[in-house]
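One structure is given here, and the rest of the page talks about it.
The values are calculated or read from the model by the stated rules, or taken from the named source; none is laboratory data. Source: prediction; values computed, not measured. Glycine gets a Cβ as well: all are built from the backbone with ideal geometry, and neighbour counts include every protein chain shown. Side chains are part of the model used for accessible areas, which takes the heavy atoms of the whole protein and leaves out ligands, DNA and RNA. Shrake-Rupley method; radii C 1.70, N 1.55, O 1.52, S 1.80 Å.
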Amino acid sequence: VASWLETEIDGASTAKPNPGRPLLHRMNRTEYRNAIRDLLAVDVDVSALPADDSASGFDNNADALGVSAALLESYITAARKIARLAVGNPEVAPTTATYNTALDLTQSYHMREMPLGTRGGIRVDEYLPVDGEYEIVVTLRRNAVGHIRGLTEEHQVELSLDGEQIGLFTIGGKGAYRPLTAGGLGASGLGLSTASTADEHLRVRLPIPAGDRTIIATFFAKPATLEEKTEKPYLRRQVGANSREGFPEVDRLFLKGPFDPSRPAESASRDRIFSCWPEDESGEIACAESILTRLGRLAYRRPLEPPELDRLLVFYAEGRRGHDFEAGIELALRYLLASPQFIFRLEEEPSDLPEGEVYRLNDHDIASRLSFFLWSSIPDDALLKAAERGELTDLDGLTQQVNRMLDHPKASALVENFAGQWLYVRNLRSTSPNQTSFPNFDDNLRQAMLQETELFIESILREDRSVLELLTADYTYMNERLARHYGIRGVYGDRFRRVPVTDEHRRGLLGHGSVLTVTSHPTRTSPVLRGKWVLENLLGMAPPPPPPNIPALEESTKSLEGLSIRERLVQHRENPACAVCHSQMDPYGFGLENFDAVGRWRTIEADGAIINASDTLPDGTVFDGPTELREIILQRPDVFVDTMTRKLLIYALGRGLEYYDAPIVRRIVAQAASEGYRFSSLIEGIATSEPFRTKMKASIRPAAVAEDVQKHLNLPKRGQVHDNELDSGS
């Protein structure tokens with residue numbers, strides 16, 4: 001009966017497809033940053049923009065990307081700063097940028113992307129907008145009483161710029177903890193120790209040209225020696241709050257400037273902007289029109305309409321008045337970056353169709369959808385040219401562009417943004433397991449866990465493997481820090497490399513420390529969280545939210561002190577309202593109990609109790625441990641692929657799925673099955689699907705929305721730009 005019903009529904013869907021309700025998409029923070037990078041070759045910090053909300057599991061969902069007055073003001077402010085950065089306006093006041101190391105970062109050995117022969121430190125990749133003098137200041141980490149650790153021995157600190165040494169400093173050594181003389185008294189008149197001021201000289205002021213610059217502050221490594229101590233050796237830095245032992249560590253790096261700035265002769269962003277230079281004043285308008293036409297085409301994801309180019313030229317003329325050619329381009333660029341046509345993904349609608357009618361998107365709108373889907377950014381020139389040739393409304397031409405874009409390095413955004421949210425591993429950055437329970441967990445391990453999962457998923461994407469390998473792969477990626485955490489031998493150094501997985505329990509995502517850590521509590525594992533993760537993200541069966549007035553596990557079991565988590569959950573399920581969900585979630589979570597809260601394999605609890613990783617699923621299937629749990633999931637591979645397809649479709653469309661989307665999902669999964677469930681088959685299936693290439697006529701035109709936004713921004717019409725509006729950022 002179910003098969004017949006699906007066949008009838010799928011047939012009706014094919015005869016009359018429903019692409020879903022029309023939505024107005026705004027770029028989220030990640031997309032805005034990537035768009036600025038691809039448009040102007042400037043990597044900007046977008047943390048000043050309000051954080052994006054999520055819906056249906058993703059932060060690119062149009063329903064969650066609202067617009068407020070504060071957000072519009074933030075976009076206008078950001079546009080002003082970005083335009084000034086990109087053009088290299090020398091009229092900038094000196095500022096101080098602060099870069100911090102993570103509090104739990106261990107700096108006692110060599111770190112990734114740092115020079116050979118060094119340990120610890122900080123690396124800063126920054127774009128400098130103008131030529132000028134900059135001051136670099138490094139501060140070292142203090143203990144609870146304000147002293148720098150590890151100064152009983154002499155250490156050398158190196159500062160480098162783009163790989164060239166710009167400073168070499170010595171700290172510590174004999175007498176490092178003796179009090180200063182009277183001449184070194186602090187403002188309070190109290191004597192300080194050199195252990196508090198040993199980093200005062202870690203500063204360099206020098207001229208630096210504009211452009212992308214890499215600044216590194218690190219320590220010269222010393223030969224490793226084995227200390228004869230009785231304490232347990234930890235991989236993480238272990239020192240007391242007031243201890244002066246251990247290694248000195250970099251805490252912060254300050255970049256101050258520019259001082260005496262001057263406009264740069266060349267930089268990546270200026271090369272991207274100024275595609276021509278006027279020979280004299282008479283040629284400025286033609287050159288400005290050429291520059292703004294090219295940038296506008298990329299920013300708006302389509303050729304400019306004449307009124308749009310006229311508006312940009314009005315802003316250029318106003319900026320040029322009383323200033324130079326570059327000032328005019330800067331002001332036009334400010335308008336471009338704050339315009340609704342850039343911030344919103346406005347799609348063209350036929351004017352002669354009745355409301356609710358389905359129509360095909362034009363090539364440029366398909367190009368924009370495809371680029372934001374695969375790259376989280378604007379289309380490149382090659383994609384826009386394909387749209388201009390009309391190749392994207394043809395399925396073969398569209399498929400060729402999909403394959404080209406998946407081969408591009410920017411496709412890594414699909415891993416970072418889609419997979420990071422789908423699997424929750426993006427939450428790892430804010431996860432902090434309890435230091436007492438897990439003394440070896442530090443930021444080095446946190447970064448390694450995230451890198452493992454991203455490299456693993458990207459390898460399946462790049463090599464176009466079956467998505468089932470996400471669960472079955474007998475390989476992964478790790479460095480020495482992660483390998484030691486997993487108990488795997490033979491992996492040395494901080495470089496990540498592909499490593500065979502010989503332990504059946506560790507295969508695929510179910511054995512990744514990133515997944516296991518984000519689905520645990522700070523002090524212990526959580527069968528509930530892990531079971532819910534399996535149901536939602538692997539099986540597509542999200543449990544309903546808990547009924548109101550149901551106490552949390554800890555609150556409902558206060559009288560059951562001394563019981564194990566399994567025993568507590570059994571008691572919790574005695575409440576019928578709780579049993580409805582927990583009987584579905586808990587068994588899957590208990591199948592992963594051999595992994596502790598930070599993903600290490602274990603067979604006994606901390607109290608000596610033997611781990612019981614067996615359970616019975618709601619359908620009566622009995623299993624024991626993660627290997628058998630994985631085999632049960634893979635008995636129905638179409639269920640996992642169906643779930644992944646649904647997640648991908650939500651991410652691609654920027655909306656939650658409805659009942660009428662089910663036939664599309666089944667069609668994509670069936671097609672992928674005939675191709676071995678290759679990753680590209682899912683992507684191609686979504687990109688060529690009806691919801692992705694068609695749209696329903698809205699009751700409110702996007703053009704009208706854009707006009708309302710322009711009115712809210714108080715954007716002037718041609719010839720109505722006033723000096724006070726320009727000064728205020730309007």
Could you list, in sequence order, all residues of region 610-664 that are open to solvent by 10 Å² or more (accessible area, probe 1.4 Å), of a type outside the set (A, V, I, L, M) and more than 32 Å from the chain's Cα centre (by Cα)?
-> N612, S614, D615, T616, P618, D619, G620, T621, D624, E628, Q635
What number of residues within region 361-375 are open to solvent by 20 Å² or more (accessible area, probe 1.4 Å) and closer than 17 Å to L23 by Cβ?
-> 1
Any residue in region 672-681 that is modelled with pLDDT under 95, touching a helix residue (DSSP H, G or I) at 6+ places or on another chain (Cβ under 9 Å) and not in a loop (DSSP other than H, G, I, E, B)?
-> no
Which members of region 109-124 meet the condition of being of a type in the set (D, E, K, R) and open to solvent by 30 Å² or more (accessible area, probe 1.4 Å)?
-> R112, E113, R123
Here are C287, C276: which of them is hydrophobic (A, V, I, L, M, F, W, C), part of a loop (DSSP other than H, G, I, E, B) and under 21 Å from R311 (Cβ atoms)?
-> C276
Could you check L190 against (1) part of a loop (DSSP other than H, G, I, E, B); (2) at pLDDT 80 or above; (3) surrounded by fewer than 13 Cβ atoms within 10 Å (Cβ to Cβ); (4) of a type in the set (A, V, I, L, M) and say which number it fails?
-> (2)
E284 vs (1) under 38 Å from the mean Cα position of the chain (by Cα); (2) open to solvent by less than 40 Å² (accessible area, probe 1.4 Å): all pass except (1)
Restricting attention to region 295-314, which residues are among the hydrophobic types (A, V, I, L, M, F, W, C) and either open to solvent by 30 Å² or more (accessible area, probe 1.4 Å) or closer than 25 Å to L392 by Cα (or both)?
-> L295, L298, A299, L304, L313
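Residues are listed down the side, and each one gets a yes or a no for (1) part of a loop (DSSP other than H, G, I, E, B); (2) small (G, A, S):
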residue: E326; (1), (2): no, no
residue: I329; (1), (2): no, no
residue: Q341; (1), (2): no, no
residue: E348; (1), (2): yes, no
residue: P354; (1), (2): yes, no
residue: R369; (1), (2): no, no
residue: S376; (1), (2): yes, yes
Six or more apart or on different chains, Cβ under 8 Å: which pairs go from a residue in region 51-78 that's more than 15 Å from G656 (Cα to Cα) to one that's open to solvent by 60 Å² or more (accessible area, probe 1.4 Å) and small (G, A, S)? Could you list them?
-> S74/A48; T77/A48; A78/A48
Among the candidates T95, T152, T106, single out the residue that is modelled with pLDDT under 95, farther than 30 Å from A35 by Cα, surrounded by fewer than 19 Cβ atoms within 10 Å (Cβ to Cβ) and among the polar types (S, T, N, Q).
-> T152
Give the residues of region 92-111 that are closer than 30 Å to A265 by Cβ and in contact (Cβ under 8 Å) with a residue 40 or more places away in the chain, sorted by residue number.
-> V92, P94, T95, T96, A97, T98, Y99
Note on region 3-28: residues open to solvent by 70 Å² or more (accessible area, probe 1.4 Å) and in a helix (DSSP H, G or I) are S3, W4, L5, E6, T7, E8, I9, T14, A15
Starting from region 128-149, keep only residues that are farther than 15 Å from I215 by Cβ, then list their pairs with residues that are of a type in the set (V, I, T) and assigned to a loop (DSSP other than H, G, I, E, B) whose Cβ atoms are within a distance under 8 Å, requiring at least 6 positions of separation or different chains.
-> P129/V92; V130/V92; R141/T101; N143/V239; R149/V239
What residue, of Q400, Q341, is more than 30 Å from Y75 (Cα to Cα) and either modelled with pLDDT under 95 or not basic (K, R) (or both)?
-> Q400
Do we have any residue at all in region 392-408 that's over 25 Å from I460 (Cα atoms) and either in a strand (DSSP E or B) or touching a residue at least 12 places away in the same chain (Cβ under 8 Å) (or both)?
-> yes
Considering only region 426-454, state which residues are hydrophobic (A, V, I, L, M, F, W, C) and either closer than 22 Å to E249 by Cα or open to solvent by 50 Å² or more (accessible area, probe 1.4 Å) (or both).
-> F438, F441, L445, A448
Residues of region 339-365 being in contact with a Lys or Arg (Cβ under 7 Å, 6 or more places away or on another chain) and of a type in the set (F, W, Y), which ones?
-> F344, Y359
Provide a single number: the residues in region 195-210 that are in a strand (DSSP E or B) and surrounded by fewer than 19 Cβ atoms within 10 Å (Cβ to Cβ).
-> 5
